[in-house]
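The values are calculated or read from the model by the stated rules, or taken from the named source; none is laboratory data. The structure displayed is predicted, hence computed values, not measured ones. Heads up, the Cβs are rebuilt from the backbone with ideal geometry, glycines too, and the neighbour counts pull from every protein chain shown.
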Amino acid sequence: MEQHSFSYKEELINYILIRRGQRNIRIGVRDGVVRVSAPFTVPLAQIEGFVDVKAGEIVKLLRQHTPAARLLSGAQIMYMGEWYELKVIKSESANSVDEVSKNLVIFTDEPENYEKNQDIYIDFLRKRGQILFAELAAELYPLIEPMGAPFPKLKLRRMISRWGSCVPANNSITFNVFLMAAPIEAIKYVVLHELLHLVFNNHKPEFWQALGELMPDYERHKDYLNEQLRPEVVVQIDNAYI
């Protein structure tokens, strides 16, 4: 299996490439992971071109199963580790989200347009996340500063199969905007995990040893994100042939 990714507008989607003895390229998504299977003889460039053609279709189907997909009044939404009831209120003056007690209130001129509600909600998460991730990175960075890593550039975007990613060559870290659903301690784990990748650009034993020394209970947060918070996605794209 090989790890690859493609971009669609502002989204970075990772996928697993599996080579098999088959005639066609097939794309499937399960448990939030995009899987592409292809014949042994098909060049990688041809597979990547095929995935690019299907990118819009993949993202459209995945969005239907993300935590922000069905944003209508009465929905239950996880935010910062707690459940909130969503209320959507018609308003001609603003497209915004307010946090009121245990309610998240979306103000919009199209209350029944869940796609627009999703865009408004994601903008809310992005604005809150920009502040929170900057604060947490500044708090945790001193733990890895002695290892020689410079403070990174921080980005937020919608990501389908990762909570975060680090590119040491660009000194940049990207966080999944939907990580704002997690409890603060789990978010801290992801921030420290990605900061440490500025030093260890892999998941070899040395990386996990260093992470365990800096955050002894990291496995608890890792398991929570992988097993409890991860959105359940089961999508199959049929007739995906070359």
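Applying the criterion of at least 2 residues that are outside the structural domain of VAL33 (by TED's automatic domain parsing) and of a type in the set (Val, Ile, Thr) to the strands (runs of 3 or more DSSP E) found wholly in segment 136-218 leaves 172-176. Scanning segment 197-212 for any residue that is touching a residue at least 24 places away in the same chain (Cβ under 8 Å) and closer than 30 Å to SER91 by Cα turns up nothing. Does any residue of segment 144-156 turn out to be over 24 Å from TYR224 (Cα atoms), among the charged types (D, E, K, R) and surrounded by fewer than 16 Cβ atoms within 10 Å (Cβ to Cβ)? Within segment 144-156, one or more residues are over 24 Å from TYR224 (Cα atoms), among the charged types (D, E, K, R) and surrounded by fewer than 16 Cβ atoms within 10 Å (Cβ to Cβ). Take the conditions (1) hydrophobic (A, V, I, L, M, F, W, C); (2) at pLDDT 95 or above; (3) under 14 Å from the mean Cα position of the chain (by Cα); LEU156 misses just one of them, which is (2). Taking the conditions (1) touching a residue at least 24 places away in the same chain (Cβ under 8 Å); (2) assigned to a loop (DSSP other than H, G, I, E, B); (3) out of contact with any Ser or Thr (no Cβ under 8 Å at 6 or more places or on another chain) in turn, GLU110 satisfies each one other than (1).
So that you can scan it fast, the table gives a plain yes or no per residue for (1) touching a His at 6+ places or on another chain (Cβ under 9 Å); (2) small (Gly, Ala, Ser); (3) farther than 18 Å from GLU185 by Cβ:
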| site | (1), (2), (3) |
| --- | --- |
| GLU92 | no, no, yes |
| THR108 | no, no, yes |
| ILE122 | no, no, yes |
| LEU125 | no, no, yes |
| PHE133 | no, no, no |
| ALA138 | no, yes, no |
| PRO146 | no, no, yes |
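Looking across segment 165-196, the residues that are free of Cβ contacts under 8 Å to residues at least 40 places away in the same chain and under 16 Å from ARG128 (Cβ atoms) come down to ASN176, VAL190. Select, from VAL51, VAL34, the only residue that is modelled with pLDDT under 85, outside the structural domain of ARG158 (by TED's automatic domain parsing), surrounded by 17 or more Cβ atoms within 10 Å (Cβ to Cβ) and under 24 Å from the mean Cα position of the chain (by Cα). On inspection, the qualifying residue turns out to be VAL34. Taking every residue in segment 1-23 that is touching a residue at least 60 places away in the same chain (Cβ under 8 Å) and pairing it with any residue that is part of a strand (DSSP E or B) and among the acidic types (Asp, Glu), at least 6 positions away or on another chain, yields no pair with a Cβ-Cβ distance below 9 Å.
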